[in-house]
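Asks: Okay, here's the structure, questions in a sec.
The values are calculated or read from the model by the stated rules, or taken from the named source; none is laboratory data. What you are looking at is a predicted structure, and each value in this text was computed from that prediction instead of being measured. Cβ coordinates were reconstructed from backbone atoms using ideal geometry, including for glycine residues, and neighbour counts include every protein chain displayed. Quick note on the areas: whole protein, heavy atoms, side chains included, nothing else; ligands and nucleic acids left out. Shrake-Rupley method; radii C 1.70, N 1.55, O 1.52, S 1.80 Å.
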Amino acid sequence: MEQSGGEQEPGAVRLLDLPWEDVLLPHVLNWVPLRQLLRLQRVSRAFRALVQLHLAGLRRFDAAQVGPQIPRAALARLLRDAEGLQELALAPCHEWLSDEDLVPVLARNPQLRSVALAGCGQLSRRALGALAEGCPRLQRLSLAHCDWVDGLALRGLADRCPALEELDLTACRQLKDEAIVYLAQRRGAGLRSLSLAVNANVGDTAVQELARNCPQLEHLDLTGCLRVGSDGVRTLAEYCPALRSLRVRHCHHVAEPSLSRLRKRGVDIDVEPPLHQALVLLQDMAGFAPFVNLQV
């Protein structure tokens, strides 16, 4: 390797002398964290060119690997030449990410299959429209805590993303039953995981339509959906044979009889049956687990 003084020993090989395409990119830079790549490209023009070549070939980009916060200029530089992304996660950019930042990236990467935009409240319906229209292979999408997502935006997604399997709509508070019904009717056949948590506008009408149209549904999160009741849960038990987990904490109108059928099938439910809750309460009050004769 090159000596620190700049002189090179006979027969020594510098890092940049190694084949870029065959050695450095797949076997070296693939293991370097993005944060370190930002520093590496400041070393020299040659290193900058090497890093940019690596970034242009990225298949997965998670801004969290750069740090808890990432400047707009740094994101633009990192994704400037990327045209083959399949996974994109931009949660650390939530404070400033706008349509102008995101739409060009989506346009250059039509192969995207997974996009995470949780908390990105500065975006608008335009960004979701660009994603739906330009990325037909999209399978997983997180829009949690994106208050701008409304029924019209969700309709565009349902119409143009036939491969959609996982969707996180946690705390998208503008969504009502009508929008979820449309999603179920258009994309329900392929949906495997859906979160509607913390949405007081979603009720049994939406849940029943999901049940009837989503035979492959495995995970459903209804945490805090105050209008969901036992009728919706009973329909899930009847029409969703693939269901593996159901979240109904703080759904005060969901009674145990509607959950028992799912429990018998081994579905993971985040609320304990009443007997278990009573035993835990007694244990907390008395400081020990009481003996209960369940045969009485």
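Asks: How much length would be gained if the chain were fully extended between Trp31 and Ser98, taking 0.36 nm per residue of separation minus their Cα-Cα distance, in nm to one decimal?
Replies: 21.1 nm
Asks: When ranked by the protection proxy of mean other Cβ atoms within 10 Å per residue, highest first, what sequence do the peptides 115-123, 90-98, 191-199 form?
Replies: Result, highest mean first: 191-199, 115-123, 90-98.
Asks: Taking all protein chains as present, what is the carbon and sulfur share of the accessible area of the stretch 184-264, in % to the nearest whole number, probe 1.4 Å?
Replies: The nonpolar share, carbon plus sulfur, comes to 45 percent.
Asks: To the nearest 10 square angstrom, how much accessible area does Thr235 have with a 1.4 angstrom probe?
Replies: Rounded to the nearest 10, that gives 10 Å².
Asks: Quick one: dipole size for the stretch 45-147, taken about the Cα centre, charges +1 on Lys/Arg Cβ and -1 on Asp/Glu Cβ, in debye to the nearest 20.
Replies: Dipole magnitude for the stretch 45-147 comes out near 360 debye.
Asks: To the nearest 0.05, what FRET efficiency results for Asp147 and Arg263 with a Förster distance of 41 Å applied to their C-beta separation?
Replies: That pair, Asp147 with Arg263, gives E of 0.75.
Asks: Still on this model: Along the Cα-to-C-beta direction of His252, a point sits 7 Å from the Cα; which residues of the stretch 218-235 have their amide N less than 11 Å from that point?
Replies: Only 226-227 fall inside the zone, counting backbone N under 11 Å.
Asks: Taking the highest mean first, how do the peptides 214-221, 158-165 order by number of other beta carbon atoms within 10 angstrom per residue?
Replies: 214-221, 158-165
Asks: Using heavy-atom solvent-accessible surface (probe 1.4 Å) with all chains present, what is the largest-first order of Val202, Val43?
Replies: Result, largest first: Val43, Val202.
Asks: Here's another thing I want to ask about it. Count charges around Arg227 for me, please; just the other residues with Cβ under 9 Å from its Cβ, Lys/Arg as +1, Asp/Glu as -1.
Replies: For residues surrounding Arg227, the net value is -2.
Asks: Here's a follow-up. At a probe size of 1.4 Å, how large is the accessible area of Arg227, to the nearest 10 Å²?
Replies: The accessible area comes out at roughly 130 Å².
Asks: Now a separate question. For the stretch 42-87, which whole-number percentage of the solvent-accessible area (1.4 Å probe, protein heavy atoms only) is attributable to carbon and sulfur atoms?
Replies: 49 percent
Asks: Taking the solvent-accessible surface of protein heavy atoms with a 1.4 Å probe, what is the per residue accessible area of the stretch 33-174 in Å²?
Replies: 45 Å²
Asks: Based on the alpha-carbon gyration tensor of the stretch 76-178 and its eigenvalue square roots a ≥ b ≥ c, which shape applies: rounded if a/c is under 1.5, prolate if not and a/b is larger than b/c, or oblate?
Replies: oblate
Asks: Here's something else I'd like to know. Any idea of His145's accessible area? Nearest 10 Å², probe 1.4 Å.
Replies: 110 Å²
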